[in-house]
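To start, the structure itself, in structure tokens.
The values are calculated or read from the model by the stated rules, or taken from the named source; none is laboratory data. These figures come from a predicted structure and were not determined experimentally. Here the Cβ is made from the backbone with ideal geometry for all residues, glycine too, and neighbour counts use every protein chain on show. SASA here: full protein model, heavy atoms, side chains in, ligands and nucleic acids out. Shrake-Rupley method; radii C 1.70, N 1.55, O 1.52, S 1.80 Å.
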Amino acid sequence: MIPQKFEYTAPKTLDEALLLLAAGAKPLAGGMSLIPMMKLRLAAPEHLVDLGKLKDLNYIRETDGTLHIGATTTHAEIESSPILRKKCPLLAETAAAIGDVQVRNMGTIGGSVAHADPAADYPAALQALEAKLALKGAKSDRIVAAADFFVDAFTTALQPNEIIREVIVPVEAAGTGTSYQKMFHPASGFAIVGIAARVRKKAGNIALVRIGVTGLSNRPYRAATAEKALEGKLGSATEIQNAAALVAKGVDANSDLHASAEYRRHLAVVHAARALMTALARTA
Amino acid sequence: MKIRVTINGKSYSHDVEPRLLLIHYLREVVGLTGSHVGCETSLCGACTVELNGKAVKSCTMFAVQADGASVVTVEGLATDGKLHPVQEAFWNEHGLQCGFCTPGMIMASKQILDRTPKPTEEEIRHGLEGNVCRCTGYQHIVNAVKAAAAGAGK
Ligand SMILES: Cc1cc2nc3c(=O)[nH]c(=O)nc-3n(C[C@H](O)[C@H](O)[C@H](O)COP(=O)(O)OP(=O)(O)OC[C@H]3O[C@@H](n4cnc5c(N)ncnc54)[C@H](O)[C@@H]3O)c2cc1C
Ligand code: FES
Ligand code: FES
């Protein structure tokens, strides 16, 4: 499996990379999605700009209540980051659930988010975390909410000459429990359905619930009706079951050779209940 | 494009096409055929090598991405005719039958032990998720990693 010919540049600086992108080149990060597509000749870029060697896109930083993760930070770096494990454990847990060790060593958060595979894991967490994405072009710099970023399967708000510069997530407040639960595809490990849950308790009651869903439909989303059903409640097993039953309501579920739409809906309900239950137990 | 790669401690320099995959570079240009091509679709792990200390699937990487990097293949593990502890353990515990998956299994196992010197069985199985074996049923491979971990403490 040999890809079509292409030109390759590994720029030293971000500015240099952005100029090449403005001239029509395509970014290469970990290559874990792009290279398989090139080998199958589903993608045939003429010029690749390797972002992998840019030092200024690889970082995890905290500034006043928010965490900034550079686009080329790998899944393995996110999974093992002490600061993320402590301050945004949902993202670290999600990264650990991606593919296998070799994929996590190469694949990056920016590449995964830009690729927008409907079965990718991060999108669930990014919805639940109400994350923001910093996008940069040669002449532009803007922030887009994760809720507006994913347009359709493999389609995002990115302009052709823009890259994801960083992913911005909040530092979890005290009393918050989180969990990511997925049905693994048996070969690749992708999410047939994945649910990210965040639950915050105040004086015994649920003060905040966020539920992010991936894999079910072409776009990751927040299950707002299910969230509302739990707000202000104690979080009993029945209340959780009732809320979980709402996550797939009215959603146009995907159907493919791995799982029918009906089975996917069922998985969404089961995994939502598990994610909420686990998140609630972790609020203590 | 001209690249310079350190492989098993030795420096190599070649002019390669950007589309040349790292596995083909290692096997066909450098002549190191220890790393195998199983699926060529990033799923089986037979092509696993270490790139700057990290286990990667060399069938899903271009050789040009490795420019300036240090690569270790299964051929680079033994020193002065003495097997690496992971190789020794695979031998002792019958961690292979046909041996096709073994170079990749050994590189992935080495990564597990580099990161977690005393792994639990669950951690071992999790660490081998990217590697497929069609012969052993995995139990002997898991035993080999356990034995290597136990031996390293001696
Ligand atoms: C065997 C296998 C199993 C996998 N299992 C899972 C899984 O379980 N869950 C999961 O979520 N994913 C899984 N993946 C996909 C993996 O997470 C990829 O790492 C990810 O989808 C792409 O990231 P990358 O850095 O490799 O990007 P690349 O493959 O290099 O690029 C992907 C796309 O994004 C673009 N791009 C890259 N970086 C940027 C940027 N900063 N800004 C704008 N565009 C950019 C590229 O041009 C390309 O179009 C798996 C992959 C493999 C090979
Ligand atoms: S040959 Fe590389 S993963 Fe199978
Ligand atoms: S020993 Fe034959 S494939 Fe693993």
Meets criteria (within 17 Å of B:Phe62 (Cα to Cα), surrounded by fewer than 21 Cβ atoms within 10 Å (Cβ to Cβ), more than 10 Å from chain B (Cβ to nearest Cβ) and among the acidic types (Asp, Glu)) for A:Glu79: no
The stretch B:70-81: number of residues that are assigned to a loop (DSSP other than H, G, I, E, B) and surrounded by fewer than 19 Cβ atoms within 10 Å (Cβ to Cβ): 3
Flag for B:Met105 being within 16 Å of ligand 3 (Cβ to nearest atom) and closer than 21 Å to A:Ala76 by Cβ: yes
Residues of the stretch A:8-60 classified as under 22 Å from the mean Cα position of the chain (by Cα) and part of a strand (DSSP E or B), total: 5
First in the stretch B:67-78 and small (Gly, Ala, Ser), second anywhere and open to solvent by 30 Å² or more (accessible area, probe 1.4 Å) and assigned to a strand (DSSP E or B), Cβ under 9 Å, 6 or more apart: B:Gly68/B:Arg4; B:Gly68/B:Thr6; B:Ala69/B:Thr6; B:Ser70/B:Thr6; B:Gly76/B:Lys10
Hits in the stretch B:42-69 - residues which are assigned to a strand (DSSP E or B), under 9 Å from the mean Cα position of the chain (by Cα) and among the aliphatic types (A, V, I, L, M): B:Val49, B:Ala55, B:Val56
Any hit, the stretch B:101-115, residues being assigned to a loop (DSSP other than H, G, I, E, B), in the same structural domain as B:Gln139 (by TED's automatic domain parsing) and either more than 16 Å from ligand 1 (Cβ to nearest atom) or under 26 Å from B:Asn143 (Cα atoms) (or both): yes
Single residue of the stretch A:94-114 satisfying the filter (within 14 Å of another protein chain (Cβ to nearest Cβ) and out of contact with any helix residue (DSSP H, G or I) (no Cβ under 8 Å at 6 or more places or on another chain)) that is nearest to A:Pro170 (Cα to Cα): A:Ala97
